[in-house]
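Asks: Starting off with a structure, shown below.
The values are calculated or read from the model by the stated rules, or taken from the named source; none is laboratory data. None of these values were measured; they are calculated from a predicted model. All Cβ positions, even for glycine, are placed from backbone atoms using ideal geometry, and neighbour counts span all protein chains on display.
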RNA sequence: UGCCUGGUAGUGUAACGGUAGCACGAGUGACUCUGACUCACUUAGUUUAGGUUCGAAUCCUAACCGGGCAACCA
């Protein structure tokens, strides 16, 4: 690779790029690179699809080629325009633009003609056996299948039946069209695979034009061929199907793309099965496809993730044929790293405890200057109001400080971020429960802004919000959807929903936010200092602000506490 | 029992017969008006056994251990 090529993409190479490079050297595809992302519109896209999207579109971009978006819509029973729309939105959100938008259903007539040709050449036949019979005659993983009674129908008979299948003469399931290959083939996919089935169902695009629909295996390779795709990139489970795609294409002497399989993404604490995600939605275990706990692109978008972070993540995990399990922290780290650079800092108290500054004037309000983003000087500063009564985080106070705890405790001086140095003087408790209800502090008037003139150091700086200026907001604290590390280890037959994390969503009804957040709009992102990255949820209104926690900040104190076993 | 496929630090990923790197994690320290960020250091790996070779993670053989495959789903 020439040095000029590298700046556009500093990501490591991978086996797919090597294969493409080799094809470009040999001239196999005349130097063309044409990929495609081929989802079925039967659900929302998830992070695993993001990997595929970044791969396919990324490759096209890198090699100056093209990438299509194609909907593999061959099963009208499961597909819907809602999914077609969401998929397009998600791809665009990730920052990619397709060169062509196609649907497998665009090719239904062509594929029908391919089927007719196969029949004419004696390579396909109409089977009128029942589903059970077909399954039985297919054999097992270790035993060969056996030919059924309809396998040797004449071409004329097959042609007639297939034509009448299309004509709507038969009910669902009465007949299927099968390829005539080899029922004893070692590869089960080659044991006379089904090509067409009768489905009197309305298709989201072709309506009632068809009552027979080609199966995925019959459609997919032809679709790639028709689009003159050079490299058909798909996941590992289609490896065993490749011989069938190759057979179908070669037998008709069609343009032949190269299929390349890679390992799909698995993440700890995440479920990536479309079917099960649908189940989560349908059982209302989550609020919808875009619930911020969902691994869907819609979900992580609502959660506050950025497309830049997603692309960086996909770049970082690489592409191989090894079926691994990526730690979720890699994802979280990607979004932290992106948000750190771009997020304005604000102060918000999630779990407030009131603080009274005893020696602060009763009605005084001071406007203190606060830096918006230490990582970006151009973000400027803002003013935050300071007054006699404040809220601080309950966790930032310990009446009896634990080892290595150096935040507020009686007699200890700490800094209020951008404010004053204060010292806790006394504690007010509920006489019944004994809970701490209020803290009384004194402040040092000479430390305004947080810088003591004598240069003395304090060990801790904590965030705060002026009580009378505070904005109340609902804050939704999200955590992993699954408490179990590897969802693949949930035993077969066991109800996987029992492994859902009961604390995946904790709603804080009335967190206290600094005044500047009053006008926050849905989609806005910020960092709640010392807590995490948050974004304004779409449920948010002018009357009631709602924030989602995208991800926490790293927290060494939490680590220490964990080690201390508290 | 068949077919396909894969095995490099805890995790993910480089090295394409020639010094086993990188990122994340973990640990230690520095810095700090975020216990954040940043920086430094440390930790830890080629599944095993043979073979080819001056030299093997890489090539060959065998074993061991994973993953996938028998929907009128994709």
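Asks: Going through the stretch A:122-162 one residue at a time, which ones are loosely packed, with under 13 Cβ neighbours inside 10 Å and more than 11 Å from RNA strand B (Cβ to nearest atom)?
Replies: Within the stretch A:122-162, A:122, A:149, A:152, A:154, A:156 qualify.
Asks: Just to check your reading of the model, which residue among A:351, A:323, A:266 is away from RNA strand B (no atom under 13 Å from the Cβ) and either touching a helix residue (DSSP H, G or I) at 6+ places or on another chain (Cβ under 9 Å) or at positive phi (or both)?
Replies: Residue meeting the stated conditions: A:351.
Asks: Restricting attention to the stretch A:511-528, report how many residues are part of a loop (DSSP other than H, G, I, E, B), surrounded by fewer than 19 Cβ atoms within 10 Å (Cβ to Cβ) and more than 19 Å from the chain's Cα centre (by Cα).
Replies: Summing the residues that are part of a loop (DSSP other than H, G, I, E, B), surrounded by fewer than 19 Cβ atoms within 10 Å (Cβ to Cβ) and more than 19 Å from the chain's Cα centre (by Cα) in the stretch A:511-528 gives 3.
Asks: Scan the strands (runs of 3 or more DSSP E) fully inside the stretch A:379-433 and keep the ones with 1 or more residues being in contact (Cβ under 8 Å) with a residue 60 or more places away in the chain, on the phi < 0 side of the Ramachandran plot and within 14 Å of RNA strand B (Cβ to nearest atom).
Replies: Qualifying strands (runs of 3 or more DSSP E): A:381-386, A:389-393, A:421-429.
Asks: Now for a different question. Anything in the stretch A:364-378 that is surrounded by 12 or more Cβ atoms within 10 Å (Cβ to Cβ) and either more than 9 Å from RNA strand B (Cβ to nearest atom) or assigned to a strand (DSSP E or B) (or both)? List them, or say none.
Replies: A:365, A:366, A:368, A:370, A:371, A:372, A:376
Asks: Sticking with this structure for a sec: So, in the stretch A:529-548, exactly how many residues are touching a helix residue (DSSP H, G or I) at 6+ places or on another chain (Cβ under 8 Å) and part of a strand (DSSP E or B)?
Replies: 4
Asks: Is it the case that residue A:53 is out of contact with any strand residue (DSSP E or B) (no Cβ under 6 Å at 6 or more places or on another chain) and crowded, with 22+ Cβ neighbours inside 10 Å?
Replies: no
Asks: If you go through the stretch A:434-458 one residue at a time, how many are more than 14 Å from RNA strand B (Cβ to nearest atom) and more than 18 Å from residue A:359 (Cβ to Cβ)?
Replies: 4
Asks: Within the stretch A:1-97, which helices (runs of 4 or more DSSP H) (wholly inside it) include 2 or more residues that are modelled with pLDDT under 95?
Replies: Per the criteria, A:15-26.
Asks: Condition (residue is under 44 Å from the mean Cα position of the chain (by Cα) and closer than 30 Å to residue A:520 by Cβ) applied to the stretch A:424-436: is it met by at least one residue?
Replies: Scanning the stretch A:424-436 turns up no residue that is under 44 Å from the mean Cα position of the chain (by Cα) and closer than 30 Å to residue A:520 by Cβ.
Asks: So which of A:290, A:315, A:338 ends up being in a loop (DSSP other than H, G, I, E, B) and more than 8 Å from RNA strand B (Cβ to nearest atom)?
Replies: Only one candidate qualifies: A:290.
Asks: Which of the following residues is buried (at least 19 other Cβ atoms within 10 Å of the Cβ), within 17 Å of residue A:112 (Cα to Cα), more than 29 Å from the chain's Cα centre (by Cα) and more than 11 Å from RNA strand B (Cβ to nearest atom): A:248, A:195?
Replies: Being buried (at least 19 other Cβ atoms within 10 Å of the Cβ), within 17 Å of residue A:112 (Cα to Cα), more than 29 Å from the chain's Cα centre (by Cα) and more than 11 Å from RNA strand B (Cβ to nearest atom) holds for just one of A:248, A:195, which is A:248.
Asks: Taking residue A:498 as the residue in question, decide whether it is without any contact (Cβ under 8 Å) to a residue 24 or more places away in the chain and either away from RNA strand B (no atom under 15 Å from the Cβ) or outside any helix (DSSP H, G or I) (or both).
Replies: Judged against the criteria, residue A:498 is a match.
Asks: Let me ask you something else. Among residues belonging to the stretch A:198-209 that are surrounded by fewer than 18 Cβ atoms within 10 Å (Cβ to Cβ) and closer than 23 Å to residue A:119 by Cα, point out the one that is nearest to RNA strand B (Cβ to nearest atom).
Replies: Restricting to residues being surrounded by fewer than 18 Cβ atoms within 10 Å (Cβ to Cβ) and closer than 23 Å to residue A:119 by Cα, the top hit is A:199.
Asks: Give the residues of the stretch A:200-223 that are part of a loop (DSSP other than H, G, I, E, B), more than 15 Å from residue A:179 (Cα to Cα) and under 29 Å from the mean Cα position of the chain (by Cα), sorted by residue number.
Replies: A:204, A:205
Asks: Hey, among the residues in the stretch A:529-557 that are more than 26 Å from the chain's Cα centre (by Cα) and within 9 Å of RNA strand B (Cβ to nearest atom), which one's surrounded by the most Cβ atoms within 10 Å (Cβ to Cβ)?
Replies: It comes out as A:557.
Asks: Would you be able to tell me the number of residues in the stretch A:108-121 that are farther than 22 Å from residue A:174 by Cα and within 13 Å of RNA strand B (Cβ to nearest atom)?
Replies: Of the residues in that region, 0 qualify.
Asks: When you look at residue A:560, is it surrounded by 19 or more Cβ atoms within 10 Å (Cβ to Cβ) and within 12 Å of RNA strand B (Cβ to nearest atom), yes or no?
Replies: no
Asks: Tell me yes or no: at least one residue of the stretch A:114-128 is in the same structural domain as residue A:201 (by TED's automatic domain parsing), without any contact (Cβ under 8 Å) to a residue 12 or more places away in the chain and in a loop (DSSP other than H, G, I, E, B).
Replies: No; the residues of the stretch A:114-128 include none that is in the same structural domain as residue A:201 (by TED's automatic domain parsing), without any contact (Cβ under 8 Å) to a residue 12 or more places away in the chain and in a loop (DSSP other than H, G, I, E, B).
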